[in-house]
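Remarks on the structure that follows.
The values are calculated or read from the model by the stated rules, or taken from the named source; none is laboratory data. Not measured: the values here are computed from a predicted model. Glycine gets a Cβ as well: all are built from the backbone with ideal geometry, and neighbour counts include every protein chain shown. Surface areas here come from the heavy atoms of the whole protein model, side chains and all, with no ligands, DNA or RNA. Shrake-Rupley method; radii C 1.70, N 1.55, O 1.52, S 1.80 Å.
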Amino acid sequence: MTTYLLALDQGTSSSRSIVFDAQGRLVASAQMELPQIYPRPGWVEHDPREIWRTQLATARQALAKAGLAARDIRAVGITNQRETTVVWNRKTGAPIHHAIVWQDRRAEPICSALRDAGMADTIQQKTGLLIDAYFSGSKLQWMLDHVAGAREAAERGELAFGTVDSWLVWQLTGGKRHVTDVSNASRTMLFNVHTNQWDDELLAALNIPLSLLPEVLPSAADFGRTDAEVLGGEIAIGGVAGDQQAALFGQGCFGAGMAKNTYGTGCFMLMHTGGRFQTSTNGLLTTAAAQPDARARYALEGSVFVGGAVVQWLRDGLRAIEHSGQVQQLAESVPDSGGVMMVPAFTGLGAPYWKPDARGTITGLTRGTTLAHIARAALESIAYQSAALLLAMSRDAVASGGTPVSELRVDGGACVNNLLMQFQADLLGIPVVRPACVETTALGAAYLAGLATGIYGSTDELSALWKAERRFVPTLGQDRAHALMQRWEQAVRQTTAE
């Protein structure tokens, strides 16, 4: 039996495909940039056709680089940017509008109306989410209300809604399967994570016809088979999970109290809570973790909207660097930030603050401030935001009778920055652990596909495959770390001051 797995990793800024062997080792990969569309301030879109074109191209490239054909691949796993909303015609397969990306804020008036209608507690209890334009349901309502003829077509059952995973499965199977998994469904504000079903009360509140929605499966399941013409032969699609739940899975965080942080365009920290649905009192979300079987599993999650994207801003906005890899060298050219604090609230502040109207600030500037100080403050802002998340998680864990997180597993593009990882450990006061394979998002999707198709017998097998590459141990005293976090919180208050 073949033991290779193909992971499709469709992200915000790029589409990637990676071939793994059964030991979780990377065999070959391919990546293509995904164009961003900004129609208005606060609006972010993607062309669904470009999502599919780039994802398919990288899948074919990865197979070619590996010297493998469809018959050599046991299964495909899919992981994707979450909340990004696609609606297409079931008959023609044509999107009715650009995809509305998770960062997009246009649906805030819809969310405001839900809050005014007193839906906040109901939505949090049923979905684990706070009402925010981040999630798919309000984006879907906006599309139905603003695209000519969309609502009428939806009422007639002619349209299909999906997050990016559903769009890719539809394309891969030649329109035969309209499905998603629990982790993606849990990010819509329409899905009851206790019953694992679409919720009639929530659909009514957002005026969404049930006929639009995909079938929801566990994250390791039979999602269909690829059309033979797509990749040169039929391949089982065995795993689907939203990118952050896939990363939690790929990091081997299968038990309550284990946590990971992904440093990507944004930063996303998840702590597994096992089979216990726990509502946060500290501004975090409760979300469905990737489910290898029918049993519900949950995680607490905090999202930082601008993480690695602050480095892109240094490059493209300030033109302080020519390419992203230069940021560590520039930041290390000064011993510290010289008192400069940057709060990169370019699209508002996410957890644990939830301040959609906040805007980015740089404070502490003096005549002696240089670009290097600003670069260091920008890099450190990623760690400060992540530390605020972990401290909130630990408070929730202790309040529910658990223990604080004892180590943080890290992944994503910016985790290769040693200066950032050391500063993160210093702020948190716990070890920060970088795995041997930092492609944990794609790896999680591959592992789910492998579980569904019999390559792996259990998550215990997967735990044994996880290996650390480097541990960053705190070197800063607790008092100093606490003082730095207090300065950060003061800077946050300045961004949201009236």
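Of the conditions (1) more than 16 Å from Phe254 (Cβ to Cβ); (2) free of Cβ contacts under 8 Å to residues at least 40 places away in the same chain; (3) assigned to a helix (DSSP H, G or I), Gln424 satisfies every one except a single condition; which number is it?
Every condition holds for Gln424 apart from (2).
Quick check on Phe305: is it aromatic (Phe, Trp, Tyr) and over 14 Å from Arg409 (Cα atoms)?
The answer is yes for Phe305.
Which one is modelled with the highest pLDDT, of the residues in region 446-494 that are of a type in the set (Phe, Trp, Tyr) and over 23 Å from Ile18 (Cα atoms)?
Among residues in region 446-494 that are of a type in the set (Phe, Trp, Tyr) and over 23 Å from Ile18 (Cα atoms), the one modelled with the highest pLDDT is Phe472.
Could you say which residue among Ala464, Ala414, Ala449 is open to solvent by 20 Å² or more (accessible area, probe 1.4 Å) and more than 27 Å from Thr347 (Cα to Cα)?
Answer to the selection: Ala464.
Pick from region 339-357 the residues that are open to solvent by 40 Å² or more (accessible area, probe 1.4 Å) and either at positive phi or among the charged types (D, E, K, R) (or both): which of them is nearest to the chain's Cα centre (by Cα)?
Selected residue: Trp354.
What is the residue count in region 88-107 for residues that are closer than 18 Å to Pro39 by Cα and either of a type outside the set (Asp, Glu) or at pLDDT 95 or above (or both)?
So the answer is 12.
Pick from Ser112, Ser138: which is open to solvent by less than 20 Å² (accessible area, probe 1.4 Å) and closer than 30 Å to Ser280 by Cα?
Of the residues listed, the single one that is open to solvent by less than 20 Å² (accessible area, probe 1.4 Å) and closer than 30 Å to Ser280 by Cα is Ser138.
Determine which member of the set Ala299, Ala204, Ala256 is within 16 Å of the chain's Cα centre (by Cα) and either of a type in the set (A, V, I, L, M, F, W, C) or open to solvent by 20 Å² or more (accessible area, probe 1.4 Å) (or both).
Just one listed residue meets the conditions, Ala299.
Of the conditions (1) open to solvent by less than 30 Å² (accessible area, probe 1.4 Å); (2) without any contact (Cβ under 8 Å) to a residue 12 or more places away in the chain, Ile430 fails just one. Which one is it?
Result: Ile430 passes all but (2).
Taking region 299-334, which residues are at pLDDT 80 or above and polar (S, T, N, Q)?
Selection gives Ser303, Gln312, Gln326, Gln328, Gln329, Ser333.
Does Ser381 satisfy the criteria of being within 27 Å of Gly239 (Cα to Cα), under 20 Å from the mean Cα position of the chain (by Cα) and crowded, with 17+ Cβ neighbours inside 10 Å?
no
Take Leu210 and decide whether it is at pLDDT 95 or above and open to solvent by 10 Å² or more (accessible area, probe 1.4 Å).
In short, yes.
Failed condition for Tyr263, given (1) surrounded by fewer than 20 Cβ atoms within 10 Å (Cβ to Cβ); (2) among the aromatic types (Phe, Trp, Tyr); (3) closer than 23 Å to Thr12 by Cα, with all others met?
(1)
State yes or no: is Gln141 out of contact with any helix residue (DSSP H, G or I) (no Cβ under 7 Å at 6 or more places or on another chain) and outside any strand (DSSP E or B)?
Spelling it out, it is not the case that Gln141 is out of contact with any helix residue (DSSP H, G or I) (no Cβ under 7 Å at 6 or more places or on another chain) and outside any strand (DSSP E or B).
Return yes when Ala399 is small (Gly, Ala, Ser) and buried (at least 23 other Cβ atoms within 10 Å of the Cβ) and no when it is not.
In short, no.
Could you list all residues from region 213-229 that are open to solvent by less than 20 Å² (accessible area, probe 1.4 Å) and either of a type in the set (D, E, K, R) or more than 23 Å from the chain's Cα centre (by Cα) (or both)?
Of everything in region 213-229, those that are open to solvent by less than 20 Å² (accessible area, probe 1.4 Å) and either of a type in the set (D, E, K, R) or more than 23 Å from the chain's Cα centre (by Cα) (or both) turn out to be Gly224, Thr226.
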